[in-house]
Amino acid sequence: MQGTLGFYFRVGDELYAVTARHVLFKKSEPNDEYNYVAGPKREVVVMGPNAFTNYLASIQGYIGTLIDTIDSLEKRVTMLTRRVEAGGDDAQKSAGELAETQGDLTKIRTKIDALKQYFVTVKTKWGKLKNRIIGHVVWAPPITIATPPHLFMKDLCVIKLVKDKFRNFRNNVLSLGA
């Protein structure tokens, strides 16, 4: 199952988030109120095994696309260099395009280096499922439909978040790479 956290709130020093109950509770489980009191916790993870593997693959895929772009730009640099060296009517224009293309190459190489570093950081810090635990469910009322007074569906779950995982918390964004 996958889902997103809705809004966040604090009670004292504790940080909480709300998500949909159906994301964290299986359909086969009783639709009873859940309250965490003690004992084993119903842990919440950011990205399950498949999502995490897919995320790493997407980073690698993006790096691959950028490498293909570098190959194309290097060919363009070679062509533009020949035009500049040959002189002629378009030598000045080619020189400007050459400088621009070389600048693009530098930017893309820098981006690839940053993505490779990010990939290693994410894989190292978040690779194990236990490192992606971001909290545990503390309360989840039963899912109800046509809930009075406005007849809306009630499908919510409150999660107490692990404060250490949210050191880089900025508003509604959590950076996995820092």
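The values are calculated or read from the model by the stated rules, or taken from the named source; none is laboratory data. This is a predicted model, so every value here is computed, not measured. Here the Cβ is made from the backbone with ideal geometry for all residues, glycine too, and neighbour counts use every protein chain on show. For the accessible areas, the whole protein counts, side chains as well, though only heavy atoms, and no ligand, DNA or RNA atoms are used. Shrake-Rupley method; radii C 1.70, N 1.55, O 1.52, S 1.80 Å.
Observations, loosely collected:
- P(r) histogram, all alpha-carbon pairs of the range 1-155 included - 10 Å bins from 0, percent: 9, 23, 20, 15, 13, 10, 7, 3, 0
- Virtual spin-label span in nm between W139 and D90, 7 Å along Cα→Cβ: 7.0 nm
- Phi to ³J(HN,Hα) by Karplus 6.51 cos²θ - 1.76 cosθ + 1.60 over the range 122-133, Hz, x for Gly, Pro: 5, 5, 6, 7, 10, x, 7, 3, 4, 7, 9, 6
- The order of M79, M153 by accessible area, most exposed first and with a 1.4 Å probe, is M153, M79.
- Pairs with C-alpha atoms separated by more than 24 Å, drawn from the list K125/K154; K26/K154; K93/K116; K128/K165; K116/K163; K116/K165, are K125/K154; K93/K116; K116/K163.
- Computed from the Kirkwood radius of its Cα pairs, the Stokes-Einstein diffusion coefficient for the range 76-129 at 20 °C and 1.002 mPa s stands at 160 µm²/s.
- Positive-end residue, the chain charge dipole about Cα centroid, Cβ charges, pick of T101, V18, V120: V18
- Taking label positions 7 Å along the Cα-Cβ direction at both E14 and Y118, the computed distance is 3.4 nm, reported to one decimal.
- Max mean-square fluctuation residue, GNM over the chain, Cα-Cα springs under 10 Å, options K160, K116, K93: K93
- Loop-located chymotrypsin sites (Phe, Trp or Tyr not before Pro) in the range 1-97 whose Cβ has at most 10 other Cβ within 10 Å (DSSP): F7
- Computed over neighbours whose Cβ is under 15 Å from that of A146, the net charge equals 0, Lys and Arg +1, Asp and Glu -1.
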